[in-house]
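This report concerns only the one structure given below.
The values are calculated or read from the model by the stated rules, or taken from the named source; none is laboratory data. This one's a predicted model, so the numbers in the text were calculated from it and none came from an experiment. No Cβ is skipped: glycine too gets one built from the backbone with ideal geometry, and neighbour counts run over all protein chains shown.
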Amino acid sequence: MHPEIRWVDARTAVLAAEREQAEQRPPWTVGAEVENVFGTGQARGLDSAELTLTLASVLERGGKLDARRTLAQSRIDALAVQRETRRLDLLAETARRYLAVVATDRRQLLAEADVGQRQRTVAAARQRLQAGASPESVVLTAQAALARAELTRDRAKQQRNAARQHLAALWGERTPAFGTVAGDPLALPTIGSMEALEAELERTPELAQFADDRRIAEARLQLARSAATPDLQWQVGIRRRQESDDTALVAGVSMPLGSRARAQPEIRAADAELEALSIEREAKGLSLYSTLVEAHGRYTVAQAEVVRLRDDVLPKLARAEQAAERAYRAGAISYLEWAQLQSERTAVHQQQLDVALDAQRALIEIQRLTGQAFLTPAAAASSGDSIP
């Protein structure tokens, strides 16, 4: 179990102990008092001594015990929402790191496809050089483009290893032990409307936590109000007079003055905390709504762009690149025209991947805010033009 979740369990044990302490009543006090000894005159010896044994305690008034118990229990109940919040945050972080691994896998495939294109270009340039149809500079230029493509591929491999280590570190592994990571970043599920997501937002743990915080604040207010009612301090005992060998019952009650005035500052502070909590909840709601609107907009725009590139742009570029290769081998166009189409096709593939990744990140944020999972249907849109 992740330490973030274990922390909540450990905190539960702490608050349970504090609740047990809050439920304790005032202690009983046993006392002994000796008077009229080791003085002067008739109080010189022990014959005039008076011994008093007492039993004392405090009688709590104003519902202080119930207020303490309610406050302690409210703090324990709030941990359930904190646990759910941390769980969603961990799931979102796991999804982001998983997406990073999938992205590096996809970039590596793009880089390897580009290397394959450049290798075909070098081979075709050599054939034309041997046939005397093009100068050696064309071969050298094609070889330089191949070297750059291989550099991009090697960098993608390093990024893939780093992303896998970053994902494995989430559960404490130093060396990734998992194999390949499945997932198509171009497969984007359909999400609900903004109105439907807004309704789900009201149930997010980040806002539900304010309900628990309000219950805690109300319990503190009740505890502060209970302090305005003074407690009664009482004691009973037995007094024995040594000179007459008589005993008598003694009792006493005392009550502190000014309890109401002393409780007022704490009551005002608790009232102000409740008011501040309402304002904070309103501000948090607006912030979450703004984040949801921004993420929803990013996702819908990116989803439309991915579909347009898949259905319209990439198929045309694929046909154009194939036609350019045939034309170059036949000597109808120059190397630069074919290389430009190759670069354009690779760039659009990369653009499609970048846009899809941005959509996936927005989707993760929407899932974190609403606590809802949006699954890709089995007949989801594919990536369209396959990676060459």
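Kindly indicate which of Ala147, Ala163 is part of a helix (DSSP H, G or I) and surrounded by 14 or more Cβ atoms within 10 Å (Cβ to Cβ). Within the list Ala147, Ala163, the selection yields Ala163.
Within the span defined as the stretch 249-272, one or more residues are touching a residue at least 40 places away in the same chain (Cβ under 8 Å), over 30 Å from Glu35 (Cα atoms) and of a type outside the set (A, V, I, L, M, F, W, C).
Would you confirm whether or not the stretch 225-243 contains a residue that is in a helix (DSSP H, G or I), of a type outside the set (Ser, Thr, Tyr), surrounded by 12 or more Cβ atoms within 10 Å (Cβ to Cβ) and touching a residue at least 40 places away in the same chain (Cβ under 8 Å)? Full working, then the answer.
Of the residues in the stretch 225-243, the ones in a helix (DSSP H, G or I) are 225-226.
If we keep only those that are of a type outside the set (Ser, Thr, Tyr) as well, we get 225.
Filter once more, keeping what is surrounded by 12 or more Cβ atoms within 10 Å (Cβ to Cβ): 225.
Filter again for touching a residue at least 40 places away in the same chain (Cβ under 8 Å), leaving 225.
Within the stretch 225-243, one or more residues are in a helix (DSSP H, G or I), of a type outside the set (Ser, Thr, Tyr), surrounded by 12 or more Cβ atoms within 10 Å (Cβ to Cβ) and touching a residue at least 40 places away in the same chain (Cβ under 8 Å).
Hey, any hits in the stretch 284-293 for a residue that's assigned to a helix (DSSP H, G or I) and more than 42 Å from the chain's Cα centre (by Cα)? Show your work before the answer.
Here is the first cut: in the stretch 284-293, the residues assigned to a helix (DSSP H, G or I) are 284-293.
Now narrow it down to the ones that are more than 42 Å from the chain's Cα centre (by Cα): none.
Within the stretch 284-293, none of the residues are assigned to a helix (DSSP H, G or I) and more than 42 Å from the chain's Cα centre (by Cα).
Restricting attention to the stretch 21-47 and to residues that are surrounded by 12 or more Cβ atoms within 10 Å (Cβ to Cβ) and either among the aliphatic types (A, V, I, L, M) or in contact with a helix residue (DSSP H, G or I) (Cβ under 8 Å, 6 or more places away or on another chain) (or both), the residue that is modelled with the lowest pLDDT turns out to be Ala43.
Can you tell which of Gln130, Gln158 is loosely packed, with under 14 Cβ neighbours inside 10 Å, modelled with pLDDT under 85 and not small (Gly, Ala, Ser)?
On the way: Gln158 fails: modelled with pLDDT under 85.
Criteria check complete, one pass: Gln130.
Here is a yes/no grid of residues against (1) within 30 Å of Leu207 (Cβ to Cβ); (2) modelled with pLDDT of 90 or more; (3) not in a loop (DSSP other than H, G, I, E, B):
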site	(1), (2), (3)
His349	no, yes, yes
Leu353	no, yes, yes
Ala362	yes, yes, yes
Ile366	yes, yes, yes
Ala378	no, no, no
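When we screen Ala251, Ala283 for residues that are within 30 Å of Glu198 (Cβ to Cβ) and modelled with pLDDT of 90 or more, the only hit is Ala283.
The listed residues are Leu221, Leu207, and the only one of them that is buried (at least 18 other Cβ atoms within 10 Å of the Cβ), among the aliphatic types (A, V, I, L, M) and within 48 Å of the chain's Cα centre (by Cα) turns out to be Leu221.
Please indicate, with yes or no, whether at least one residue in the stretch 99-109 is over 30 Å from Leu369 (Cβ atoms) and of a type outside the set (Gly, Ala, Ser). So that I can check it myself, show each step before the final result.
Taking the stretch 99-109 first, the residues over 30 Å from Leu369 (Cβ atoms) are 108-109.
Now narrow it down to the ones that are of a type outside the set (Gly, Ala, Ser): 108-109.
Yes.
When you scan the stretch 179-191, do you find a residue that is among the hydroxyl-bearing types (Ser, Thr, Tyr), at pLDDT 85 or above and assigned to a loop (DSSP other than H, G, I, E, B), even just one?
Here is the first cut: in the stretch 179-191, the residues among the hydroxyl-bearing types (Ser, Thr, Tyr) are 180, 190.
Of the ones still in play, those that are also at pLDDT 85 or above are 190.
Now restrict to residues that are assigned to a loop (DSSP other than H, G, I, E, B): 190.
The answer is yes, given that some residue of the stretch 179-191 is among the hydroxyl-bearing types (Ser, Thr, Tyr), at pLDDT 85 or above and assigned to a loop (DSSP other than H, G, I, E, B).
Of the residues Ala211, Ala169, Ala187, Ala217, which single one is under 30 Å from Ser343 (Cα atoms) and among the hydrophobic types (A, V, I, L, M, F, W, C)? Walk me through it before giving the result.
On the way: Ala211 fails: under 30 Å from Ser343 (Cα atoms); Ala169 fails: under 30 Å from Ser343 (Cα atoms); Ala217 fails: under 30 Å from Ser343 (Cα atoms).
Of Ala211, Ala169, Ala187, Ala217, the one residue that is under 30 Å from Ser343 (Cα atoms) and among the hydrophobic types (A, V, I, L, M, F, W, C) is Ala187.
Look at the stretch 327-340: where a residue is closer than 16 Å to Leu146 by Cβ and touching a residue at least 40 places away in the same chain (Cβ under 8 Å) and a partner is surrounded by 16 or more Cβ atoms within 10 Å (Cβ to Cβ) and β-branched (Val, Ile, Thr), sitting 6+ places away or on another chain with Cβ atoms under 6 Å, you get Tyr335/Val138.
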